[in-house]
Amino acid sequence: MRLLPVVVAVALGVMIGALGVRWILPAPALPDVTAAPVAAVNDAAPEGELSDGERATIDLFRRAQGSVVFITTTMRGMDMFNQDAEVPRGTGSGFVWGTDGHVVTNAHVVRGAVGATVRLPGGRAVSARLVGVDDRHDLAVLQVPGMGQMQPLPLGRSADMQVGQSVYAIGNPFGLDFTLTTGIVSALEREIPVRPDLKIRGVIQTDAAINPGNSGGPLLDSQGRVIGVNTAIFSPSGASAGIGFAVPVDTVKRVVPQLIERGRYAPPALGITGDPRADALLRSNGQPPGVIVLDVIEGGPAALAGLEPAQVTRAGLVPGDVIEAIDGASVDRLDELLAELDTKMAGDTVVLTLRNGRTRRDVEIVLAPGA
């Protein structure tokens, strides 16, 4: 077998953390592997000898594979003649979203690339245009012309998921097209780092094999519905170790429409300004934790709800309203408030629990679109 040196070579990714533990995010460049025509895959399966579970898995793969694509990217570099040129950067996966030629993938699949080519089922390669990127959730959208009759995958609900349910990942690990791996949901509400100052919250943990090249592909439930976007593995060795992660589809459904509409994502807004240093001041003075409302934006939701901002006096900063919770979820710091807002949609009505001096009150606020 000569595969091992290739596997070792391509398993290198972004190293974050200590003790040699690696979060495998980018998919390295690999030799081209021609996709098999969709109609030819599994045609010879001996269905009469299969169990009901095997038939269900085969059917799920047949239905879903025509909506999954193989992505290769290029970057500026030096070619074999030491000339400036576009050179291979990496590979990844993606899946059809909607009927307007959009493909969803990971942000890290296209990060740093100057070009992307999408290979459709059947082997046809098409140049893609980047529509939008959201590093906060490691999601990106490409526009791919000529996708023809490719159908979008149905979307599920990650909020309904349970630990132990079956999941299926389709992608291109190590550049090997149209690969299916299976497993279960191992845990929910995990956090993974995408860079030292940024974590993705609420991700799905699975033991379905997710390797470099799987990034951006769909994680499906037993009905063939997308419940997540495969994004990383946690591995001491650089290869799959039974711990993979996927961005939940409920997050994807919030982020992707904004990426398509305006090229970027912004969570809904309360119409306030805050500062983590002000929140730390509360704790250092022995006061209960919370998020100080430093200012309210004129005409914004907080102003319309009558929130009172802090005042700057000769004695220093005098807090007005301090946000202690949103919809019952405690928020001790500004980043916790922003994380809770990220789970909401513009137009949602939320209840803020506010403290002002010795008094507390609940206020309903309708969230505005993010800036």
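Within 10 Å, Cβ to Cβ, of E191, how many net charges do the neighbouring residues add up to if Lys/Arg are +1 and Asp/Glu are -1?
Result for the neighbourhood of E191: +2.
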Radius of gyration and Dmax for the range 249-371's Cα atoms, expressed in Å? 14.9, 50
Sticking to Cα atoms, compute the Rg of the range 147-286 to one decimal and its Dmax as the biggest Cα-Cα distance, whole number, in Å. 17.8, 63
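Determine the per residue accessible area of the range 253-371 with all protein chains present and a 1.4 angstrom probe, expressed in square angstrom. Working shown, then result.
Numbers: 6230 Å² over 119 residues.
The answer is 52 Å² per residue.
Let me check something: with ligands and nucleic acids excluded, how do R63, R283, R119 order by accessible area (1.4 Å probe), largest to smallest? Present the calculation step by step, with values, prior to reporting the outcome.
Values: R63 125, R283 100, R119 25 Å².
The ordering from most to least exposed comes out as R63, R283, R119.
Please give the length that would be gained between D335 and I297 if that part of the chain were fully extended, namely 0.36 nm times their separation in residues minus their C-alpha to C-alpha distance (nm, one decimal). Can you show the working numbers first?
On the way: separation 38, 0.36 × 38 = 13.68 nm, distance 1.90 nm.
Here the answer is 11.8 nm.
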Label-point separation (nm) for D348 and A159, each offset 7 Å from Cα along Cα-to-Cβ? 0.8
Under the Debye formula (equal points on every Cα, no solvent term), log10 I(q)/I(0) of the range 236-319 at q = 0.19, 0.24, 0.26 Å⁻¹: -0.93, -1.10, -1.17
List the residues, sorted by chain then number, that are 5 or more residues from F95 or on another chain and whose placed amide H is less than 5 Å from its amide H. V69, V104
Judged on accessible area alone, 1.4 Å probe, highest first, D100, D321 line up as D100, D321
If I model a spin label at T313 and S51 as a point 7 Å from the Cα along the Cα→Cβ vector, what separation in nanometres do I get? 7.3
Counting only the heavy atoms of the protein chains, how much of D295 is accessible to a 1.4 Å probe, in Å² to the nearest 10? 80
Amide H contacts of L219 (H built 1.01 Å from N, under 5 Å, at least 5 apart or other chain): I227, G228, V229, N230
Give me the accessible area of K253, 1.4 Å probe, in Å² rounded to the nearest 10. 70
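The values are calculated or read from the model by the stated rules, or taken from the named source; none is laboratory data. Keep in mind it's a predicted model, so treat the numbers as computed, not measured. Virtual Cβ from ideal backbone geometry, glycine too; neighbours counted across all protein chains shown. With ligands, DNA and RNA removed, areas are computed over all heavy atoms of the protein, side chains included. Shrake-Rupley method; radii C 1.70, N 1.55, O 1.52, S 1.80 Å.
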